[in-house]
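Please treat every number below as a calculation from the coordinates, not as lab data. Everything quoted here is computed from the prediction, not taken from an experiment. We place every Cβ from the backbone using ideal geometry, glycine too, and count neighbours over all the protein chains shown.
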Amino acid sequence: MNRNQEIIRTSVLGIIVNSMLAGFKVVVGFLSGSIAIILDAFSSIITIISTKLASKKPDHKYPYGYGRVEYLSALVISLIIIYAGITSFVEAVKSIFNPSIPTYTTVGLVIIFVAVLAKFSMGMYVKKTGERLNSGSLLASREDSRMDSIISASTILAALLFIWTNVDISSYLAVIISIMIIKAGYEIAASTISSILGERPDKELTNQIKKLVMTFREVHGVYDLFLNNYGPNKNVASLHIEVDDTMTADEIDELQRRIEDKIYDETHVFVTAISVYAYNTKDDEAKHLYKEIRKIVMSVEHVIQMHGFFVQGNEIRFDIVIDFNCDDREALYQRIVQDIQERYPDYKFTTTLDSDISD
């Protein structure tokens with residue numbers, strides 16, 4: 001069973017469980033969190049639709065596929081959770097100012113207890129599947145189920161307290177739960193929006209890719225790793241490698257293909273481009289210049305890295321990486337280049353300002 005089939009099966013199972021639980025509650029006439037239940041089923045339907053869309057093959061209009069649809073569905077589900085929380089909050093506040101004497105039955109409490117167990121178990125199953133498949137929409141649905149199980153469990157506790165002490169705290173408890181639901185929905189929305197906007201790539205993944213590239217004996221360094229995400233488990237990368245200046249185009253081409261294959265086999269990241277920095281092997285003076293200039297550049301605050309250093313005649317090329325905490329990166333970069341040029345007036349410098357795009 002592939003990833004899309006598993007997501008759909010889990011979502012359908014969620015709809016069945018939610019429908020059965022909702023039916024049980026209606027039968028006993030005990031309306032508890034009905035909005036959340038209905039919306040939970042709706043969120044599962046959204047997950048199924050989004051998974052179907054996300055699994056569509058790339059085409060002329062969307063050459064990178066439809067994977068980001070899953071992020072949009074997770075965002076919709078988070079808004080559903082927030083709406084359910086706000087609705088519950090409003091109703092809870094109303095009940096505080098207009099209290100009514102609750103009526104509880106043994107049958108009703110038993111069914112709500114069963115609902116808690118079922119929803120909790122379903123939530124854990126959805127979470128496990130969502131994490132394994134890296135599905136944001138499933139994880140959002142799981143949060144919806146978890147919150148609904150908390151509502152039901154709280155209903156039981158409030159009912160038992162009323163039965164034993166004749167003290168009704170259900171409305172106040174509902175206010176607290178509603179705030180928790182809104183907070184959970186907001187956190188899911190914030191995380192999803194971050195993925196859509198293009199957050200910083202996962203540190204473990206970028207480090208893994210760089211370590212894999214460095215296993216090739218021809219590579220002296222790997223830099224400027226760009227990682228673009230087009231949906232769960234759909235990453236596209238580009239990077240620079242530093243190789244000997246004696247390598248031929250044929251040798252570089254063969255090396256690039258081996259690197260691309262290894263990265264895809266190990267991480268399932270598709271490398272679309274590998275650019276090349278030349279590494280001096282014939283000029284001993286280049287090594288001395290590299291050490292001296294690197295010492296100057298790296299002593300400046302906010303400079304993270306200097307790479308791509310190469311000396312050819314009286315021309316020196318290299319890139320400087322300045323972090324985003326610097327108030328004026330361009331001004332700092334110009335000061336560094338000017339300082340180096342003044343110290344080495346006999347050389348022409350060709351430099352590039354790079355950004356701190358990945359760890």
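Go through the residues of the range 285-294 one by one and say whether even a single one is farther than 18 Å from Tyr344 by Cα and without any contact (Cβ under 8 Å) to a residue 40 or more places away in the chain.
In the first step, residues of the range 285-294 are kept if they are farther than 18 Å from Tyr344 by Cα; the result is none.
Scanning the range 285-294, I find no residue that is farther than 18 Å from Tyr344 by Cα and without any contact (Cβ under 8 Å) to a residue 40 or more places away in the chain, so the answer is no.
Return only the number of the condition from (1) out of contact with any Asp or Glu (no Cβ under 7 Å at 6 or more places or on another chain); (2) among the aliphatic types (A, V, I, L, M); (3) buried (at least 19 other Cβ atoms within 10 Å of the Cβ) that Ala190 does not satisfy.
Condition not satisfied by Ala190: (3).
Could you list all residues from the range 54-87 that are more than 22 Å from Ser194 (Cβ to Cβ), surrounded by fewer than 23 Cβ atoms within 10 Å (Cβ to Cβ) and either of a type in the set (Gly, Ala, Ser) or without any contact (Cβ under 8 Å) to a residue 40 or more places away in the chain (or both)?
The initial filter retains those residues of the range 54-87 that are more than 22 Å from Ser194 (Cβ to Cβ), namely 55-61, 63, 84, 86-87.
From the residues that got through so far, the ones that are surrounded by fewer than 23 Cβ atoms within 10 Å (Cβ to Cβ) too are 55-61, 63, 86-87.
Listed by number, the residues that qualify are Ser55, Lys56, Lys57, Pro58, Asp59, His60, Lys61, Pro63.
Going through Leu212, Leu205 one at a time, which residue ends up being in a helix (DSSP H, G or I) and over 16 Å from the mean Cα position of the chain (by Cα)? So that I can check it myself, show each step before the final result.
On the way: Leu205 fails: over 16 Å from the mean Cα position of the chain (by Cα).
Testing whether each residue is in a helix (DSSP H, G or I) and over 16 Å from the mean Cα position of the chain (by Cα) leaves just Leu212.
Just for the range 295-316: of the residues that are aliphatic (A, V, I, L, M) and free of Cβ contacts under 8 Å to residues at least 40 places away in the same chain, which one is nearest to Gly221 (Cα to Cα)?
Initial filter on the range 295-316 (aliphatic (A, V, I, L, M)): 296-298, 300, 303-304, 306, 311, 316.
Checking the rest, the ones that are also free of Cβ contacts under 8 Å to residues at least 40 places away in the same chain come to 298, 300, 303, 306, 311, 316.
Numbers: Met298: 17, Val300: 22, Val303: 18, Met306: 11, Val311: 17, Ile316: 18 Å.
Filtering first and then ranking leaves Met306.
Return yes or no: is Ala237 surrounded by 15 or more Cβ atoms within 10 Å (Cβ to Cβ), closer than 18 Å to Ser358 by Cα and of a type in the set (A, V, I, L, M, F, W, C)? Quick ask: steps written out before the conclusion?
Numbers: surrounded by 15 or more Cβ atoms within 10 Å (Cβ to Cβ): yes; closer than 18 Å to Ser358 by Cα: yes; of a type in the set (A, V, I, L, M, F, W, C): yes.
Considered against the rule, which asks whether it is surrounded by 15 or more Cβ atoms within 10 Å (Cβ to Cβ), closer than 18 Å to Ser358 by Cα and of a type in the set (A, V, I, L, M, F, W, C), Ala237 comes out as yes.
For the range 300-319, which residues satisfy the criterion of being under 31 Å from the mean Cα position of the chain (by Cα) and of a type outside the set (D, E, K, R)? Step through it out loud before you land on a result.
Filtering the range 300-319 for residues under 31 Å from the mean Cα position of the chain (by Cα) gives 301-308, 319.
Answer for the range 300-319, where residues must be under 31 Å from the mean Cα position of the chain (by Cα) and of a type outside the set (D, E, K, R): His302, Val303, Ile304, Gln305, Met306, His307, Gly308.
Of all residues in the range 198-217, how many are among the acidic types (Asp, Glu) and within 14 Å of Ile274 (Cα to Cα)? First the steps, then the outcome.
Residues of the range 198-217 that are among the acidic types (Asp, Glu), as a first pass: 199, 202, 204.
Next, only the ones that are within 14 Å of Ile274 (Cα to Cα) stay: none.
Final tally of qualifying residues: 0.
Does Val337 qualify as being touching a helix residue (DSSP H, G or I) at 6+ places or on another chain (Cβ under 7 Å) and more than 20 Å from Leu225 (Cα to Cα)?
No.
Return yes when Ile316 is within 27 Å of Asn229 (Cβ to Cβ) and in contact with a strand residue (DSSP E or B) (Cβ under 8 Å, 6 or more places away or on another chain) and no when it is not.
On the way: within 27 Å of Asn229 (Cβ to Cβ): no; in contact with a strand residue (DSSP E or B) (Cβ under 8 Å, 6 or more places away or on another chain): yes.
Criteria not met by Ile316.
From the list Asp168, Asp224, Asp244, exactly one residue is in contact with a strand residue (DSSP E or B) (Cβ under 9 Å, 6 or more places away or on another chain), acidic (Asp, Glu) and crowded, with 16+ Cβ neighbours inside 10 Å. Which is it? First the steps, then the outcome.
Values: Asp168 fails: in contact with a strand residue (DSSP E or B) (Cβ under 9 Å, 6 or more places away or on another chain); Asp244 fails: crowded, with 16+ Cβ neighbours inside 10 Å.
Sole residue among the options that is in contact with a strand residue (DSSP E or B) (Cβ under 9 Å, 6 or more places away or on another chain), acidic (Asp, Glu) and crowded, with 16+ Cβ neighbours inside 10 Å: Asp224.
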